[in-house]
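Shown next, in structure tokens, is the structure this report addresses.
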Amino acid sequence: MIPLFIVISAPSGAGKSTLCDLLLQNYPEMCYSISCTTRDPRGDEEDGEDYHFLTEERFKKLIEQNAFLEHAQVHGNYYGTLKEPIYKALKENQCILLDIDVAGAAQVRHYVSELPENDPLLKGYVDIFINPPSIEDLEIRLRGRGTDSEATIEKRLSNAQEEMDQSGLYMHQIVNDDLDVAYRRLCDIINVRAKFV
Ligand code: 5GP
């Protein structure tokens with residue numbers, strides 16, 4: 001497959017991680033972009049595998065060095081995508097998958113739009129927004145997880161609406177009503193995009 005540069009965003013609880021995991025399992029040439037973050041590891045998350053867990057000082061140093069393709073503050077912590085591993089993966093003919101928030105995706109879209117025509121980031125670029133069927137459905141899913149406090153759920157729901165308001169900026173939108181259908185649609189988007197690189 002031709003190396004694609006895939007950006008996926010979704011409100012928390014829309015099923016983005018499950019869809020990304022399915023892609024990674026089924027496309028051997030797909031690799032996941034490991035973001036940097038200043039938040040603490042959760043559960044069994046490992047440094048260098050789930051995220052590069054950095055101090056705020058180190059993160060800010062990398063911003064100064066212009067090492068990030070994009071970076072944003074999400075739920076009070078810094079998150080960012082390093083440029084170097086993205087170019088490396090594409091050079092090695094791998095597809096790279098970014099799971100980032102709407103602010104980061106907007107920066108990537110802008111960055112890519114200014115690149116010369118033959119840049120691999122522009123050539124393989126595709127961005128996709130995953131929508132929950134409705135805000136009500138998202139609320140049920142978030143409550144069903146039973147992991148978040150009431151305040152966190154309220155915050156995530158108001159963030160979700162703001163994020164969904166920007167979904168029209170993405171090249172593709174998927175409604176994750178039924179996981180199988182949503183996954184098939186995601187594969188279709190990727191397979192078609194790969195043909196036109
Ligand atoms: P979590 O802390 O739950 O792993 O991620 C919280 C949010 O941060 C998710 O919406 C995820 O998409 C976003 N995120 C993860 N990595 C990055 C990144 O490198 N850049 C940006 N802008 N957002 C990120």
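Being open to solvent by less than 10 Å² (accessible area, probe 1.4 Å) and touching a strand residue (DSSP E or B) at 6+ places or on another chain (Cβ under 9 Å) is a property that Glu70 has. Residues of region 181-197 that are assigned to a helix (DSSP H, G or I) and open to solvent by 40 Å² or more (accessible area, probe 1.4 Å): Val181, Arg184, Arg185, Asp188, Asn191, Val192, Arg193, Lys195.
Just checking, does region 96-112 include any residue being away from the ligand (no atom under 16 Å from the Cβ) and at pLDDT 95 or above? Scanning region 96-112, I find no residue that is away from the ligand (no atom under 16 Å from the Cβ) and at pLDDT 95 or above, so the answer is no. Answer with yes or no whether Leu82 is over 21 Å from Ile190 (Cα atoms) and either open to solvent by 40 Å² or more (accessible area, probe 1.4 Å) or among the hydrophobic types (A, V, I, L, M, F, W, C) (or both). Criteria met by Leu82.
What do you reckon, is Asp44 in contact (Cβ under 8 Å) with a residue 12 or more places away in the chain and either open to solvent by 60 Å² or more (accessible area, probe 1.4 Å) or acidic (Asp, Glu) (or both)? In short, no. State all residues of region 31-58 that are within 13 Å of the ligand (Cβ to nearest atom) and of a type in the set (A, V, I, L, M, F, W, C); if no residue qualifies, say none. If the condition is that a residue be within 13 Å of the ligand (Cβ to nearest atom) and of a type in the set (A, V, I, L, M, F, W, C), then Ile34, Cys36, Phe53, Leu54 are the ones that fit.
Pro28 passes every criterion in (1) surrounded by fewer than 15 Cβ atoms within 10 Å (Cβ to Cβ); (2) within 13 Å of the ligand (Cβ to nearest atom); (3) in a loop (DSSP other than H, G, I, E, B) apart from (2). Being within 13 Å of the ligand (Cβ to nearest atom) and either out of contact with any strand residue (DSSP E or B) (no Cβ under 9 Å at 6 or more places or on another chain) or on the phi > 0 side of the Ramachandran plot (or both) is the filter here; which residues of region 11-25 pass it? Ser12, Gly13, Gly15, listed by residue number.
Return the only residue of Tyr87, Tyr79 being of a type outside the set (Val, Ile, Thr), under 13 Å from Ser33 (Cα atoms) and without any contact (Cβ under 8 Å) to a residue 40 or more places away in the chain. After applying the criteria, what remains is Tyr87.
Those residues that are over 15 Å from the mean Cα position of the chain (by Cα) and either under 20 Å from Leu157 (Cα atoms) or charged (D, E, K, R) (or both), I need them from region 76-106; list them, please. The answer is Gly76, Asn77, Glu84, Lys88, Lys91, Glu92.
The values are calculated or read from the model by the stated rules, or taken from the named source; none is laboratory data. For clarity, every value in this text was computed on a predicted model and none was experimentally measured. Cβ sites come from the backbone with ideal geometry, for glycine too, and all protein chains shown count toward neighbours. For the accessible areas, the whole protein counts, side chains as well, though only heavy atoms, and no ligand, DNA or RNA atoms are used. Shrake-Rupley method; radii C 1.70, N 1.55, O 1.52, S 1.80 Å.
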